[in-house]
1. Out of residues 5 or more away from LEU204 or on other chains, whose amide H comes under 5 Å of its own, with H placed 1.01 Å from N in the peptide plane?
2. Working out 0.36 nm times the residue gap between ARG270 and ALA40, then minus their Cα-Cα distance, what length gain in nm do you get to one decimal?
3. Positive end of the dipole of the chain, charges at C-beta (+1 Lys, Arg; -1 Asp, Glu), about the Cα centre: which of GLY137, ALA182, VAL68 has its Cα farthest in that direction?
4. Taking R0 as 25 Å, what FRET efficiency do you get between PHE246 and THR146 from their Cβ-Cβ distance, rounded to the nearest 0.05?
5. Under 1.5 on a/c is rounded, so check that first for region 166-283, then, if it is not, pick prolate when a/b is larger than b/c and oblate when it is not; a ≥ b ≥ c are the square roots of the alpha carbon gyration tensor eigenvalues.
6. Only Cα pairs within less than 10 Å get springs; with that Gaussian network setup on the chain, which residue of ALA85, ALA148, ALA69 has the largest fluctuation?
7. Place a +1 charge on the Cβ of each Lys and Arg in region 49-132 and a -1 charge on the Cβ of each Asp and Glu, then give the dipole magnitude about the Cα centre in debye, rounded to the nearest 20.
8. At 1.4 Å probe size, with no ligands or nucleic acids counted, give the accessible surface of ILE83 in Å², nearest ten.
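The values are calculated or read from the model by the stated rules, or taken from the named source; none is laboratory data. It should be emphasised that the depicted structure is a prediction, and the values quoted were computed from it without experimental measurement. Don't worry about glycine lacking a Cβ; one is built from the backbone with ideal geometry, like all the others, and counts go over all protein chains shown. Only protein heavy atoms, including side chains, enter the accessible area calculation; ligands, DNA and RNA are left aside. Shrake-Rupley method; radii C 1.70, N 1.55, O 1.52, S 1.80 Å.
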Amino acid sequence: MGQTLFPSHQAWAELTTLALAGGGNRCWWQAGAISRLLEAGRLLPQQWVGTSAGAAIAAACLTTGPEVALAACLKLYAGTTRIFAWQGLRRGRIEFAHQTIYPAWLDAFFNDATFGQLRGCGASLQVAVTRPSRVLGLGISVALGTLAYIVDKKVRHSIHPGLPRLFGLRQEFIDITRCEFASDAHRVLLAAAAPPPIMPAVQLSDGYAFDGGYTDNAPIPSQSPAQRAGTLVMLTRHYPDRPSLFRFRERLYWQPSRPIPVSTWDCTERATVDAAFRLGRVDAASLFSKAHR
């Protein structure tokens with residue numbers, strides 16, 4: 001499945017797994033690209049993987065559609081003027097707007113009414129969360145995970161970092177289509193996008209879980225060679241030394257054509273999430289155009 005063949009119906013049909021990397025607002029690039037793919041009649045793979053906002057975008061695509069999720073995001077951001085509430089410190093609390101906006105955004109498209117749609121769509125959605133080191137505990141695990149993230153991003157430029165696992169952080173995959181209740185699946189999606197202290201770690205069954213990107217921002221469970229060959233990973237970081245489509249460890253990776261024009265964590269009226277969405281649509285259309293030259 002070469003790069004020029006990927007946008008064709010035949011090549012898209014060969015994909016069995018779609019993995020969506022995390023990246024906060026950068027994940028709107030994924031939403032825009034997928035919306036364009038759907039318009040072009042591309043069939044969606046039956047196996048989805050995601051973490052952080054990428055997992056939420058996947059859930060939106062499998063339920064209401066990415067446009068509904070975008071409209072909900074724009075509405076919530078329009079009513080927000082600041083990210084951090086300084087007055088919370090007077091009460092001994094760290095208050096970020098994300099702590100109320102993100103759950104409300106999820107509620108807009110992922111709820112009791114749409115959960116049945118997710119469970120009945122025939123697809124699986126594995127959501128990656130990070131579990132703290134059993135030895136170091138939650139606080140130190142978050143601190144070391146943050147340090148490892150910075151080193152991998154700024155120094156090593158790793159697509160799949162290895163440092164967090166050296167500190168004992170563990171990545172766990174939870175298939176939310178197998179959850180009994182929408183509230184359980186909702187809680188997993190919250191945990192997958194919870195980077196302390198911006199959002200607190202979430203209690204899941206036997207312990208705390210937090211943002212899956214602390215372990216690997218583009219998470220993929222263990223795969224056979226055939227499964228790797230049928231996997232498309234949609235990144236949200238731009239790697240200038242790589243083309244838009246490239247093979248890595250037998251998988252196919254798709255990255256934005258340029259740095260996505262949006263702040264990762266801005267959740268105010270100034271956030272340019274619609275620009276990120278449009279870039280995704282433009283990049284998807286560009287692939288279609290190249291395939292038919």
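1. ALA209
2. Details: separation 230, 0.36 × 230 = 82.80 nm, distance 3.11 nm.
Contour length minus Cα-Cα distance gives 79.7 nm.
3. The residue sitting most towards the positive pole is GLY137.
4. Values: r = 28 Å, r/R0 = 1.13.
With a Förster radius of 25 Å, E is 0.35.
5. Values: a/c = 1.86, a/b = 1.19, b/c = 1.56.
Oblate shape, in that a/c is at least 1.5 and b/c is the bigger or equal ratio.
6. Top of the fluctuation ranking is ALA85.
7. On the way: 7 positive and 4 negative charges, 82 e Å.
Roughly 400 debye for region 49-132.
8. For ILE83, solvent-accessible area is about 50 Å².
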